[in-house]
Ligand SMILES: [Zn+2]
């Protein structure tokens with residue numbers, strides 16, 4: 001019997017519409033067996049988006065009026081597709097003067113670094129970036145695997161915390177994020193209405209492990225000062241208010257990507273663990289991040305992207321399972337770099353991940369395949385490659 005078009009782990013319950021298994025964090029199937037994100041996609045089609053955009057226009061006008069001579073808002077940007085699109089909408093459609101704020105994971109791909117610089121140049125915006133020390137990033141990457149079962153704690157934490165620091169210190173209360181939580185995170189539906197991003201959302205959703213738990217093994221509280229978000233009092237005093245642009249305008253990843261590529265020269269690149277070339281293109285590490293999800297939950301980025309395409313009618317459910325099967329279990333090439341910076345052996349990484357494996361997968365084999373797809377660019381942070389090229393004469 002052929003396995004084609006079937007889930008990798010058929011004993012798990014899957015959404016009857018898309019390919020999402022029961023092991024997704026926060027998944028919620030209704031009586032029909034349909035997941036929250038699929039329900040949300042149906043609701044999305046019936047929203048009065050024109051009314052939502054009018055509400056957005058009012059928020060923008062109010063922010064401009066209150067900002068006076070200051071920046072109208074903060075746009076947290078990575079240089080990824082979403083942030084480039086946010087920047088386009090805010091500056092070109094609404095005439096806002098944003099301050100761009102970046103938490104650098106210090107793992108920029110060459111394509112990602114180009115896209116970030118392109119974004120800053122194309123929209124002529126001022127920019128503040130925080131880059132944690134290489135040594136700290138390496139230590140946190142090691143600790144992250146044990147604490148939260150993925151490689152990227154510093155990014156989960158910094159991406160929310162650093163913009164909040166800038167917002168409170170410079171008194172720029174409005175933060176504008178991209179994709180709605182209702183889009184595919186499974187954490188909300190479009191029925192819930194526009195969601196606010198505040199300190200609470202951040203500590204509940206983004207950071208996973210609180211800062212003090214990351215202390216130890218050569219990491220001090222002093223090292224993590226910008227990873228601890230400003231206090232609730234500070235946020236309140238500054239009147240912090242965060243919104244998701246995707247709650248106010250119809251979000252379409254594929255069309256946005258095409259638009260940014262054709263209009264501005266934004267670039268895609270090959271990604272590990274998936275067939276899509278634009279999500280998280282700014283970073284070299286997603287392959288490892290999503291591989292750990294696969295080892296823990298039995299699905300990776302391939303499944304995640306296939307579910308989105310199935311929901312949007314671009315793939316059948318069977319095609320989705322097939323694409324996911326081809327990509328989820330791929331051993332990412334960035335594993336080599338991850339082991340180099342953390343001091344783990346690959347066997348140790350797999351062993352730690354075994355400890356994080358969900359109960360539903362405890363007694364089954366979670367196969368790992370060798371990767372046979374070429375990668376477009378070296379899987380090593382671009383800044384590090386520059387140093388190695390000019391300082392060390394490598395490459
Ligand atoms: Zn679904």
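The table that follows gives values for the structure above.
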read-out	value
Which listed residue, of 283, 293, is crowded, with 16+ Cβ neighbours inside 10 Å, under 24 Å from residue 376 (Cα atoms) and touching a helix residue (DSSP H, G or I) at 6+ places or on another chain (Cβ under 7 Å)	283
Any hit, the stretch 26-45, residues being touching a strand residue (DSSP E or B) at 6+ places or on another chain (Cβ under 6 Å) and either within 22 Å of residue 242 (Cβ to Cβ) or in the same structural domain as residue 308 (by TED's automatic domain parsing) (or both)	no
Single residue of the stretch 1-24 satisfying the filter (within 9 Å of the ligand (Cβ to nearest atom) and free of Cβ contacts under 8 Å to residues at least 24 places away in the same chain) that is surrounded by the fewest Cβ atoms within 10 Å (Cβ to Cβ)	16
Qualifying residues in the stretch 25-35 (those that are surrounded by fewer than 23 Cβ atoms within 10 Å (Cβ to Cβ) and touching a residue at least 24 places away in the same chain (Cβ under 8 Å)) - the one nearest to the ligand (Cβ to nearest atom)	27
Check on residue 340, in contact (Cβ under 8 Å) with a residue 24 or more places away in the chain and either outside the structural domain of residue 106 (by TED's automatic domain parsing) or buried (at least 16 other Cβ atoms within 10 Å of the Cβ) (or both)	no
Number of positions in the stretch 305-316 that are surrounded by fewer than 24 Cβ atoms within 10 Å (Cβ to Cβ) and more than 14 Å from residue 41 (Cβ to Cβ)	1
Those residues of the stretch 121-164 which are more than 14 Å from residue 219 (Cα to Cα) and surrounded by fewer than 18 Cβ atoms within 10 Å (Cβ to Cβ), in sequence order	121, 124, 126, 127, 128, 129, 130, 131, 146
Identity of the residue in the stretch 315-334, within 14 Å of the ligand (Cβ to nearest atom) and not in a helix (DSSP H, G or I), that ends up nearest to residue 380 (Cα to Cα)	315
Checking residue 337 against (1) within 16 Å of the ligand (Cβ to nearest atom); (2) assigned to a helix (DSSP H, G or I), the condition it does not meet	(1)
Failed item, numbered, when residue 120 is tested on (1) in contact with a strand residue (DSSP E or B) (Cβ under 6 Å, 6 or more places away or on another chain); (2) in contact (Cβ under 8 Å) with a residue 60 or more places away in the chain; (3) not in a strand (DSSP E or B)	(2)
Hits in the stretch 250-297 (condition: under 30 Å from residue 43 (Cβ atoms), at pLDDT 95 or above and touching a strand residue (DSSP E or B) at 6+ places or on another chain (Cβ under 8 Å))	297
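The values are calculated or read from the model by the stated rules, or taken from the named source; none is laboratory data. It should be emphasised that the depicted structure is a prediction, and the values quoted were computed from it without experimental measurement. Note that each Cβ is placed from the backbone with ideal geometry, even for glycine, and that neighbours are counted across all protein chains shown.
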